[in-house]
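Take a look at the structure set out below.
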Amino acid sequence: MTDRAARLFNCCTDFAEPRWTSFTALRIGGCIDHNGETEGGVDYQRAEFFTVYGVVMDGDIAMVEAITDVPTVSLIKALTVAHELSDLSGLRLTVCPSLIR
């Protein structure tokens, strides 16, 4: 595993780059760790780290799949990683609404 893979794909099996065609967009959201269980969709003030998700459409329902966790409380640093994934994948990046409330 390379440092790049650990930084960009740490939620993916074997740290492998996902098939980007599976996704319609990318989304970044705030998360909290509860003893190994992740609570996503938290607001900026409560976020302990950030996750970049691939958005998958199932009919009219948008679901997300975690691509990487960004272990920082700095949204700017997390957005840097998210933008790198957006540039790599060609997918549009959005910010989870709970972060901007």
Which numbered condition residue 66 fails, given (1) farther than 20 Å from residue 4 by Cβ; (2) assigned to a strand (DSSP E or B); (3) among the small types (Gly, Ala, Ser): (1)
Near pairs, Cβ below 9 angstrom, 6+ apart or cross-chain, from segment 37-63 (open to solvent by less than 80 Å² (accessible area, probe 1.4 Å)) to any residue that is among the hydroxyl-bearing types (Ser, Thr, Tyr) and in a loop (DSSP other than H, G, I, E, B): 49/72; 50/72; 50/74; 54/24; 55/24; 56/24; 62/24
Yes/no for residue 27 being within 19 Å of residue 95 (Cα to Cα) and in a loop (DSSP other than H, G, I, E, B): no
Residues within segment 64-79 that are of a type outside the set (Val, Ile, Thr), open to solvent by 80 Å² or more (accessible area, probe 1.4 Å) and more than 17 Å from residue 16 (Cβ to Cβ), tallied: 2
Breaking point among (1) assigned to a loop (DSSP other than H, G, I, E, B); (2) modelled with pLDDT under 95; (3) more than 14 Å from residue 31 (Cα to Cα), for residue 46: (3)
When residues of segment 80-101 are limited to those that are open to solvent by 40 Å² or more (accessible area, probe 1.4 Å) and assigned to a helix (DSSP H, G or I), the one modelled with the lowest pLDDT: 97
Segment 50-63, residues that are out of contact with any helix residue (DSSP H, G or I) (no Cβ under 8 Å at 6 or more places or on another chain) and either modelled with pLDDT of 95 or more or not in a loop (DSSP other than H, G, I, E, B) (or both): 51, 53, 55, 57, 58, 61, 62, 63
Criterion violated by residue 39 - all others in (1) modelled with pLDDT of 95 or more; (2) of a type in the set (D, E, K, R); (3) in a strand (DSSP E or B) satisfied: (1)
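The values are calculated or read from the model by the stated rules, or taken from the named source; none is laboratory data. Predicted model, so just to flag it, every value in this text is computed and none were measured. Note: ideal-geometry Cβ built from the backbone for every residue, glycine included; neighbour counts use all protein chains shown. Accessible surface is based on the protein model in full, side chains and every heavy atom, while ligands, DNA and RNA are left aside. Shrake-Rupley method; radii C 1.70, N 1.55, O 1.52, S 1.80 Å.
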